[in-house]
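Written out below as C-alpha cells is the structure these notes cover.
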Amino acid sequence: MQITEQEIEQIAKKAGEAAVQDLLTKLGIDISDVHETQKDFAYLRGQRQTSDQVGVWTRRIMLGFVLTSAGTLLVTGIKTAFVGLLQQP
C-alpha cells in the first residue's frame, strides 16, 4: 500500500492541529471560544501598554523632581552668594 502526497498532507495537518490544540490547552487557553481568547489577549495587551505608560510617566516625574531640586539648589546658592557679597563691608 502506497500513501499519496495528499494523504501525507492530511495526516501532517491533523497531527499539527492536534499538537497545537494540546499545547494551547496545556497553557490554559480555551480553544473552544476563540473570540473570548482574542478579547483576553487584547485586554492583556492593553494592560501591558498601560503599565508601560505608567513607567514612562514615573520616570518623567522623577526627572522633574531631580531637575527642580537641582535648579532650587543652584538658585539658592547664587542667592546666598550675592547676599554674602552685599553684606561685606
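With +1 on each Lys and Arg Cβ and -1 on each Asp and Glu Cβ, how big is the dipole of the chain about its Cα centre, in debye rounded to the nearest 20?
The calculation lands at about 1020 debye.
Report the extension gain between Ala70 and Thr50 in nm, rounded to one decimal, defined as 0.36 nm multiplied by the number of residues separating them, less their alpha carbon distance.
Fully extending the segment from Ala70 to Thr50 adds 4.2 nm.
Mind checking which of Trp57, Val75, Tyr43 is farthest towards the positive end of the stretch 33-89's charge dipole, using Cβ charges of +1 (Lys, Arg) and -1 (Asp, Glu) about the Cα centre?
Val75
Which option, [x] 7.4; [y] 11.6; [z] 7.0, is the value of mean projected area of the Cα convex hull in nm² that was calculated from these coordinates?
Here mean projected area of the Cα convex hull in nm² agrees with entry [y].
HN-Hα J couplings of the stretch 25-32 from phi, Karplus 6.51/-1.76/1.60, θ = phi - 60°, integer Hz, Gly and Pro as x?
5, 5, 7, x, 9, 6, 7, 7
What are the aspartates and glutamates whose alpha-carbon lies under 19 Å from the alpha-carbon of Lys13, with same-chain residues fewer than 8 places away excluded?
By straight Cα distance, Lys13 reaches Glu5, Asp22.
Every number in this text was worked out from the coordinates using simple rules, so none of it is lab data. Everything numeric in this text was worked out from a predicted model, so none of it was measured. Quick reminder, even Gly has a Cβ in these numbers, built from the backbone with ideal geometry, and neighbours come from all protein chains shown.
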